[in-house]
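The values are calculated or read from the model by the stated rules, or taken from the named source; none is laboratory data. What you see is a predicted model; the values in this text were computed from it and never measured. We place every Cβ from the backbone using ideal geometry, glycine too, and count neighbours over all the protein chains shown. SASA here: full protein model, heavy atoms, side chains in, ligands and nucleic acids out. Shrake-Rupley method; radii C 1.70, N 1.55, O 1.52, S 1.80 Å.
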Amino acid sequence: MTATPEPATRSVVGELLRRIGQGDPDRTAELYAERVDWRLDWPEAEHGRAATPWIRHRSTRADVAAHYRELTGHHVAEQAATRVERILVDGADAVVLGEIRQTSRATGRAYRARFALHLTVENGLVVRHHVYEDSLAVAQAFA
């Protein structure tokens, strides 16, 4: 494990957020290591449900691209917005705090969800992606 200096971490996180905003799953996934520790803070019994299939743990770069494709496929892109309030960096680790606004394609329900995203960068690639979000708001929009 190679320690990543804070400026490099901040640069990778900034580029990751830019690519997520552009909506290209494959280009976004390029910023992740081949093996990634991807976790979502949701009840395990709710992972991979038909209404929210993108909500599950991931472990590879290909899984990451699939996540972004599934997420896009289940939301109305024209009604999506993300507000990043703060990016905190400590060495190889970064925490992104903010709020997402999405609309469920299946139900037409809009929702807002606060989030914290913990990322770890090694050798210029994201190796950890842990999301903590308002899962109740998301679940209600898709119910």
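Residues of segment 76-99 that are at pLDDT 95 or above and among the aliphatic types (A, V, I, L, M): Val84, Ile87, Leu88, Val89, Ala92, Ala94, Val95, Val96, Leu97. Of all residues in segment 23-52, none satisfies the criterion of being in contact with a strand residue (DSSP E or B) (Cβ under 7 Å, 6 or more places away or on another chain), among the charged types (D, E, K, R), more than 20 Å from Gln102 (Cα to Cα) and not in a strand (DSSP E or B). Residues that are surrounded by 15 or more Cβ atoms within 10 Å (Cβ to Cβ) and under 13 Å from the mean Cα position of the chain (by Cα) within segment 1-23 comprise Val13, Leu16, Leu17, Arg19, Ile20, listed in sequence order. Only one of the numbered conditions (1) part of a strand (DSSP E or B); (2) within 13 Å of the chain's Cα centre (by Cα); (3) under 22 Å from Ala137 (Cβ atoms) is violated by Arg112, and that is (2).
Taking segment 106-136 as the range and being within 17 Å of Glu15 (Cα to Cα) and exposed (fewer than 15 other Cβ atoms within 10 Å of the Cβ) as the test, the residues that pass are Asn123, Gly124. Being touching a Ser or Thr at 6+ places or on another chain (Cβ under 8 Å), over 24 Å from Pro43 (Cβ atoms) and open to solvent by less than 30 Å² (accessible area, probe 1.4 Å) is a property that does not hold for Ala141.
For segment 53-89, a residue qualifies if it is of a type in the set (Val, Ile, Thr), part of a loop (DSSP other than H, G, I, E, B) and within 18 Å of Ala116 (Cβ to Cβ), and exactly one does: Ile55. Under the condition of being touching a residue at least 12 places away in the same chain (Cβ under 8 Å), more than 12 Å from the chain's Cα centre (by Cα), open to solvent by 40 Å² or more (accessible area, probe 1.4 Å) and over 20 Å from Asp26 (Cβ atoms), the residues counted in segment 54-85 number 5.
Taking each residue of segment 90-105 that is farther than 17 Å from Leu119 by Cα and open to solvent by less than 20 Å² (accessible area, probe 1.4 Å) and looking for partners that are part of a strand (DSSP E or B) and among the hydrophobic types (A, V, I, L, M, F, W, C) with beta-carbon atoms closer than 7 Å, six or more apart or interchain, yields Thr103/Ala110. Taking every residue in segment 39-53 that is of a type outside the set (Asp, Glu) and pairing it with any residue that is outside any loop (DSSP other than H, G, I, E, B), at least 6 positions away or on another chain, the pairs with Cβ-Cβ distances below 6 Å are Arg39/His130; Leu40/Val131; Trp42/Ser135; Ala51/Phe142; Thr52/Phe142; Pro53/Glu70.
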